[in-house]
């Protein structure tokens, strides 16, 4: 191969632009993915796409675990529509809402299944028609969008509308909604544009004479309805489809008791029509809507998902899919996940992806070793966050066990160095270090360019003989185009990519 | 009410947003409950959001709100009319004094 000497360095003038910077192209900072700019515009610290890996820190990009064993199976002929977690005393439970209107409870420790409500209890089983919360560690409370849609479960007895209420009295008739929360020791229910609240310290008395009540919002910014009510940091946030309000300063005084509070608007334009995507994250609220993921800092609604802009809206209106979210503690880090249908930038297919965030700057994506996830939720007990998900038939823990059952892919940026505007041909070496925490599946690095796959070169890396750091032998290649990037693919169950690098030597100039 | 937030010195824009929101909310609650209890209508200024680097009006209006609140509730109070967000010692002292007044007012009014 003819050797071409690089031109001598000359001072930069308007007529002789300086040579572009040389030096290796290195992937080691692992600062998360960024699909917002074009692949050429991604910073050197980031990757364009991360799927199945978690960017932990510098030189630390680790494959994500896969699903745990099956823990709940939908009865034959039914589909899992919605589930949520609660605890009775210290016993952790999950309430599962099925397509036939039945509600089951399973104990997440013992896996014992108990029927909460018989088939036909929930008349229209749909994510947006069901709201759940827990009252202390005593009751699961759930509401449905149907005429008599307020229910209480104490772990053994279901209290139904018109029947006896826990602690005495009768359960209210005609009460219903699609969201419920406990705030200031009162039950708050959202029913379209109306908020209904109970008397203090009561789960069944909503009468005005006891300090209960309701109000309906006719504010122009509400648009349609209240999707969620969420208690955080001493406030009750009302998440509308296109707005956010909050309640504070709740007081019940006088005889007969009258409840007053402040109800103010926080944001008159941005809310979420996806109630299952609204989550508490520390002292803030996260929610997803049509144009991204947002955090509510006090009254400021701030979009935090700009790095996802390249894929987030790739499926128009999410094809009618209901977004859901949850949290998980993975490798000691608390992460927030939202399930979004996107066009996978690798396969070009529609996939339901877990878009994940560390709460700071790093975003990444993942699937699990299931065909298609349709709903996720997290369980929090003893400050441990575990993400659970379902494909409609089975509920399992996610990110539980190292797995080679699903694909992990990376796309680096497309580097323009050393000189994209003049490169005719170049030769290169791929080098790096990968830590094999477990040796099972091989890793393939594909060196590619702006020409896509036409001239890409796949470089399978040999498997090491044992676990540990593996500084693999440099792999030579011919640069396939003017821009250069890497695609990394593996099904390995547990590896950490420390560093990948490319050294390029221009061998022929264009023009 | 997250009065504990008022005792924190915000160090990032996000923390400032939360602090400012909690602060304004508590003032609104105080004004509302005083009106409900006494019929007295106190002044309510827009003190959220604000720019700590360029808003002298905020200090003035906020001090008025505290003076009115203290007068109605019989709180001895502090001088909250002087603040430099760039001086850590002055800021810490002001944050503490402001939170103390809010805490006392909350206790008197049953707001927490």
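Every number in this text was worked out from the coordinates using simple rules, so none of it is lab data. Quantities reported herein were computed from a predicted structural model and do not represent experimental measurements. Cβ: placed from backbone, ideal geometry, glycine included. Neighbour counts: every protein chain shown.
Remarks
- Separation in nanometres of the label points that stand 7 Å from Cα toward Cβ, at residue B:45 and residue A:43: 3.8 nm
- With Cα atoms, 0 to 90° folded angle of helix B:56-73 axis to chain B main axis: 30 degrees
- Rg/Rh (Cα only; Kirkwood hydrodynamic radius) as it applies to the stretch A:252-383: 1.06
- Calculated log₁₀ intensity ratio I(q)/I(0) where the Debye formula runs over C-alpha points of the stretch A:317-411, q = 0.13, 0.17, 0.18 Å⁻¹: -0.43, -0.76, -0.85
- Shape category assigned to the stretch A:133-177 from the gyration tensor of Cα positions, a/c cut at 1.5: oblate
- Against the empirical curve 2.2 N^0.38 Å, the C-alpha radius of gyration of the stretch A:196-235 lands at a ratio of 1.42.
- Per-residue average of Cβ from other chains inside 10 Å of A:273-286: 1
- Using 0.36 nm per residue and subtracting the Cα-Cα separation, the extra length available between residue A:224 and residue A:385 on full extension is 54.7 nm.
- Compared with the dominant principal axis of the Cα atoms in chain B, helix B:88-109 is inclined by about 20°.
- For the protein assembly as shown, the alpha-carbon coordinates run over 97, 68, 42 Å along the three principal axes, in decreasing order.
- Over the Cα atoms of the stretch A:182-266, the radius of gyration divided by the Kirkwood radius equals 0.96; this is the Rg/Rh ratio.
- Other protein chain Cβ atoms within 10 Å, averaged over every residue that makes up B:15-25: 6
- Viscosity 1.002 mPa s, temperature 20 °C, Stokes-Einstein D of the stretch A:67-180 from Kirkwood C-alpha radius, µm²/s: 151 µm²/s
- One chain, two ends: residue A:401 and residue A:114. Fully extended at 0.36 nm per residue, the span grows by 100.6 nm beyond their Cα-Cα distance.
- Ranking of A:335, A:433 by count of other Cβ atoms within 10 Å, fewest first: A:433, A:335
- Neighbouring partner chain Cβ atoms per residue of A:204-214, average, 10 Å criterion: 0
- When Rg and the Kirkwood Rh are both derived from Cα coordinates, the Rg/Rh ratio for the stretch A:222-269 amounts to 1.08.
- Packing here is the average count of other Cβ atoms within 10 Å per residue, and on that basis the peptides A:202-211, A:111-120, highest first, run A:202-211, A:111-120.
- Neighbour-count ranking [beta-carbon atoms within 10 angstrom, fewest first] of A:82, A:72: A:72, A:82
- Sequence-separation-based contact order of chain A, relative, with Cα cut under 8 Å and 6+ spacing, percent: 16 percent
- Its Cα gyration tensor gives the stretch B:66-112 an equivalent ellipsoid. The semi-axes, each the square root of 5 times an eigenvalue, are 22, 11, 6 Å from largest down.
- For chain B, the alpha-carbon radius of gyration amounts to 1.00 times the rule-of-thumb value 2.2 N^0.38 Å expected for a compact globular protein.
- Modelled label reach - residue B:38, point 7 Å along Cα→Cβ, the stretch B:46-75 residues with backbone N closer than 19 Å: B:62-75
- For the stretch B:1-85, averaging the sequence separation of C-alpha pairs within contact (under 8 Å, six or more residues apart) and dividing by the residue count gives a relative contact order of 22 percent.
- Computed with the Debye formula from one identical point scatterer per Cα of the stretch A:165-205, without solvent, the log10 of I(q)/I(0) at q = 0.17, 0.26 Å⁻¹ comes to -0.43, -0.94.
- If you wrap the Cα atoms of the stretch A:363-511 in a convex hull and average its projected area over all directions, you get 11.3 nm².
- Relative packing of A:325-332, A:40-47, B:39-46, A:231-238, which averages over residues the other C-beta atoms within 10 Å, highest first: A:231-238, A:325-332, A:40-47, B:39-46
- The sum of -39500 (n - 2.57) across all DSSP H runs of n ≥ 4, divided by the residue count of chain B, sets its helix-only mean residue ellipticity at 222 nm to -21000 deg cm²/dmol.
- As a proxy for reagent exposure, A:429, A:33, A:355 were ordered by neighbouring Cβ count within 10 angstrom, fewest first; the result is A:429, A:355, A:33.
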